[in-house]
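*Asks:* This is the structure I want to talk about, given as structure tokens.
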Amino acid sequence: MVNISKKAAEAVSTYIELEDVKIFEGQGNEVTLKLFMPRINGREFDVQAVIDSLIEVVVDFSLSRPTIAKYKNNEDYSTMSQDARSKFREYANVEGGDKGELGELILYTFLEGYLHAPQILSKMAIKTTNKDYTKNSDGIHFFQIPSSEKYHLIFGEAKMYTQSGGGIVAGFKSAFESIANHQNEKYFERSLISGLIDSEFENQKDKELIADLLYPAKSDINVSDAFGIFIGFDFDDSKGKIMTLDDYEVFVKTEIVNAVTKKINTITKYIIDNQLEGKSFYVYLMPFTNMDESRDSIIKGVTK
């Protein structure tokens, strides 16, 4: 069976999980928004803790499984880390100034480390292999639904928006529009993955499973499409700065949940407007104070 990233699971364990927010609650198509926040240091989010949580995840995100195996067999961990950070740094520069790639890394972290859905191929791997690739999915994972023989093939969408850029609402609007507008490109992505299976996986059973997931009509496997979404958003904690540390933490947790809950009707409308109410979603959100500054610091921290 394809292994998940242990480093991703360790990273998720360092974040604070908050109360879930639900869309279409009580219906068969219920969507759960999983809310997390960074740890608090003093009266602010601990950016360094986020860097520390992601710095080793970059290895699993940036390098293929066979490449990692070779480094580990040679016990060359230092070069492995340098190689991964170098590749991610180059990818960040290509992708446009440290904007979307952090969201992709965090989405990978949640899908692998929280959902335990192994990545089949990253957008980074596809882009560096096929220079003409400009399609939408920020990584593709698979997930076996618990207590069943059914699978989800998960196409990723990561969005990070400052408050001035529209925040939570803009993130969901962009994600759902991208999913709706690129339904047909999933088949193009399947063909890309199919051509890279041998270079990404060593175990023959893993290769056969991935092939079956990509082309279920050729096997007896039960698989359907799903979508993984990460929304990073700006959060204003200034009202809590004069509170005690305990009150500040309660304030922050409450305000984050309220900020998302207030947008439920708008998020629901975007799902319906894009005719996606019958789709399966795995959604994760995390706030950042001073989004642009935090994003820049985290990217520099994990690639230095």
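The values are calculated or read from the model by the stated rules, or taken from the named source; none is laboratory data. Everything quoted here is computed from the prediction, not taken from an experiment. Reconstructed Cβ throughout: ideal geometry from the backbone, glycine too, with neighbour counts over all protein chains shown. Heavy atoms of the whole protein, side chains included, go into the accessibility calculation; ligands, DNA and RNA do not. Shrake-Rupley method; radii C 1.70, N 1.55, O 1.52, S 1.80 Å.
*Asks:* In debye, nearest 20: dipole of the chain around its Cα centre with unit charges on the Cβ of K, R (+) and D, E (-)?
*Replies:* The calculated dipole for the chain is roughly 380 debye.
*Asks:* Taking only DSSP H segments of four or more residues, each worth -39500 (n - 2.57), what value at 222 nm results for the chain once the sum is divided by all its residues, to the nearest 500 deg cm²/dmol?
*Replies:* Calculated mean residue ellipticity at 222 nm is -15500 deg cm²/dmol.
*Asks:* Next up: Taking H placed 1.01 Å from N in the peptide plane, check which residues at least 5 places from Tyr151 or on another chain put their amide H under 5 Å from its amide H.
*Replies:* Answer set, sorted by chain and number: Ile145, Asn222, Val223, Ser224.
*Asks:* Then there's this: Which of the lysines could be linked to Lys239 by a straight reach, that is with a Cα gap under 17 Å, when you skip same-chain ones fewer than 8 residues away?
*Replies:* Within the straight-line cut-off, Lys239 pairs with Lys253.
*Asks:* If you average the alpha carbon positions of region 1-28 and of region 230-291, how far apart do those two centres end up, in angstrom?
*Replies:* That distance is 15 Å.
*Asks:* Give a quick list of GluC sites (Glu not before Pro) in region 27-70 that DSSP marks as loop, anything other than H, G, I, E or B, with at most 13 other Cβ atoms within 10 Å.
*Replies:* Listed in order of number, the matching sites are Glu30.
*Asks:* For a quick check of understanding: with a 1.4 angstrom probe and all protein chains in place, what accessible area in square angstrom does Asp236 have, to the nearest ten?
*Replies:* Approximately 110 Å² for this residue.
*Asks:* Tell me, what ³J(HN,Hα) does each residue in region 54-60 have, in order and in whole Hz, if you take phi through Karplus 6.51 cos²θ - 1.76 cosθ + 1.60 with θ = phi - 60° and put x for Gly and Pro?
*Replies:* 9, 4, 8, 5, 4, 4, 5
*Asks:* Let me ask you something else. Straight-line reach from Lys173: which lysines have a Cα under 16 Å away, not including same-chain ones fewer than 8 places off?
*Replies:* Lys159, Lys262, Lys263, Lys269, Lys279
*Asks:* Which order do Asp292, Asp206 take by accessible area at a 1.4 Å probe, largest first?
*Replies:* Result of the area sort, largest leading: Asp292, Asp206.
*Asks:* Moving on. Which whole-Hz couplings ³J(HN,Hα) result when phi for each residue of region 213-227 is put into the Karplus expression 6.51 cos²θ - 1.76 cosθ + 1.60, θ = phi - 60°, listed in order with x for Gly and Pro?
*Replies:* Along region 213-227, the couplings run 5, 6, 10, x, 5, 8, 9, 9, 6, 9, 9, 9, 6, 9, 9 Hz.
*Asks:* Counting only Cα atoms, I'd like the Rg/Rh figure for the chain, Kirkwood definition for Rh.
*Replies:* Using Cα coordinates only, the ratio equals 0.96.
*Asks:* Between Asn181, Asn265, Asn74, which gets the highest mean-square fluctuation from a Gaussian network model of the chain, Cα cutoff 10 Å?
*Replies:* Asn74
*Asks:* Using a Gaussian network model of the chain with C-alpha springs under 10 Å, which one of Ile272, Ile193, Ile120 is most mobile by mean-square fluctuation?
*Replies:* Answer for the Gaussian network model of the chain: Ile272.
*Asks:* Pick out, in residue order, every one of the GluC sites (Glu not before Pro) in region 201-304 that is DSSP loop and has at most 15 other C-beta atoms within 10 Å; say none if there are none.
*Replies:* Here the sparse-neighbourhood loop sites are Glu202, Glu277.
*Asks:* Next question. Quick check for region 1-73: number of Lys pairs with alpha-carbon distance under 30 Å, counting only pairs 8 or more apart or on different chains?
*Replies:* Taking the Cα cut-off of 30 Å, the pair count is 9.
*Asks:* Apply the Karplus parameterisation 6.51 cos²θ - 1.76 cosθ + 1.60, with θ equal to phi minus 60°, to every residue of region 292-304 and state each ³J(HN,Hα) to the nearest whole Hz, in sequence, with x for glycine and proline.
*Replies:* 4, 5, 5, 4, 4, 5, 5, 4, 5, x, 8, 10, 5
*Asks:* Take every Cα pair under 8 Å in region 155-275 that's 6+ residues apart, average their separations, divide by the length, and report that relative contact order as a whole percent.
*Replies:* It comes to 43 percent, rounded to a whole number.
*Asks:* Mean-square fluctuation check for the chain, GNM, Cα pairs under 10 Å: which of Lys279, Lys218, Lys173 is largest?
*Replies:* Its mean-square fluctuation being the largest, the pick is Lys218.
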